[in-house]
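First the structure, in the form of structure tokens, and then the observations on it.
The values are calculated or read from the model by the stated rules, or taken from the named source; none is laboratory data. On a predicted model such as this, the values are computed, not experimentally measured, just so you know. As a convention, Cβ positions derive from the backbone with ideal geometry for all residues, glycine included, and neighbour counts pool all protein chains shown. To get the accessible areas, we keep the full protein, side chains included, count just its heavy atoms, and leave off ligands, DNA and RNA. Shrake-Rupley method; radii C 1.70, N 1.55, O 1.52, S 1.80 Å.
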Amino acid sequence: MLQGKPLFQDVQVCDDEAAFWWLGQHSFLFKLGTTRFLIDPFLTEMEERTLPPLFAPADATETIDLVLCTHDHLDHIDPAAIPGLAAHTPARFVAPRAHAERMRSLDVPDDRLITLNDGESVTLNDLTIHAIKGAHETFDQTDEGLFPYLGYVVEGAGKTIYHAGDTVWWEGLQARLAQWRFDVAMVPINGRDAERYANDILGNMTYQEAVDLLGGLDVKLSVPTHYDMFEFNSEDPTLFADYMRVKYPDHPVWIGTPTERVCL
């Protein structure tokens, strides 16, 4: 497993047009063309973590162009990761407009902050990023019409990826996504239940729902995520793979180890 500077050295020497490195939980490092970006970097030290932080912000110096954040929970908009990456990299940050003030409070300068709401798109570093609302049990739309939970469709280098953020399968999600052909799609599978909800642990798709969502779409590689970091909020990813194999045998699944390079 690569940690620290060797991880980013692997990104720098990667000569494939498109590749990703899973960093545990819902966190990914991507290379599309010449652009390198992080999605939901999670670096806070916690005793409950089953996987420690794999790098420090200073390790990413001059390597990361963009940081995409899906919503304001500790493992997504991380108060250890965001200020450090703002200080040590030239990256621009993409986040839900509902959390603009939160990002500013974490020392992200206004000229490096791009905020989106559901249905909006932006082109940065030869990538086009589309915001797709998420329902983290519920949409929790603000009075101003802002959605605090987003997923992202990212197009670049001839590839299209989908990172769902935290969400359940809501009515209309599959129809929204059907306009794209995905080279890779990352979906949470940790599910939800009464005990977790009562303890303010908001849930996501079950592995069955995640399989059926992607199984009905044009996806070259399906990646289950958000199942490994905390024992109280986990799932077995082989259940996702087995269900996909039986129900949608033409949909390959990737389950691997953190920091393994996956070329698209």
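Here are the numbers for the structure shown:
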item	result
Rounded Å value of the spacing that divides the Cα centres of segment 187-264 and segment 88-115	28 Å
Amide hydrogen neighbours beyond the local backbone of residue 113, cut-off 5 Å, H modeled	93
Cα-Cα pairs of segment 52-198 separated by more than 18 Å (percent)	59 percent
Charged-residue dipole, Cβ positions (Lys, Arg, Asp, Glu), segment 166-213 about Cα centre, Debye nearest 20	180 debye
Cross-link pairs beyond the 22 Å C-alpha cut-off, checked among 31/159; 31/220; 5/133; 220/247	5/133
Kirkwood hydrodynamic radius of segment 1-83, from inverse mean 1/r over distinct Cα pairs, in Å	13.0 Å
Accessible area in square angstrom per residue, segment 33-81, 1.4 angstrom probe	33 Å²
Estimated D of segment 156-240 in µm² per second, where Rh is the Kirkwood radius over Cα pairs and Stokes-Einstein applies at 20 °C, 1.002 mPa s	160 µm²/s
In Hz, Karplus ³J(HN,Hα) per residue of segment 249-264 (6.51, -1.76, 1.60; θ = phi - 60°; x = Gly, Pro)	x, 8, 10, x, 10, 10, 10, x, 9, x, 6, 5, 6, 10, 8, 9
Where the Cα pairs of the chain fall when distances are cut into 5 Å bins, in %	1, 6, 14, 19, 22, 19, 13, 6, 1, 0
Cα centre as origin, Lys/Arg/Asp/Glu Cβ charges: the chain dipole, Debye	620 debye
Relative contact order [Cα under 8 Å, 6+ residues apart], the chain, whole percent	18 percent
Karplus (6.51, -1.76, 1.60) ³J(HN,Hα), θ = phi - 60°, over segment 196-206, in Hz, Gly and Pro reported as x	5, 4, 5, 9, 6, 9, 6, x, 10, 4, 6
Counting all C-alpha pairs of segment 24-135, share separated by more than 23 Å (%)	22 percent
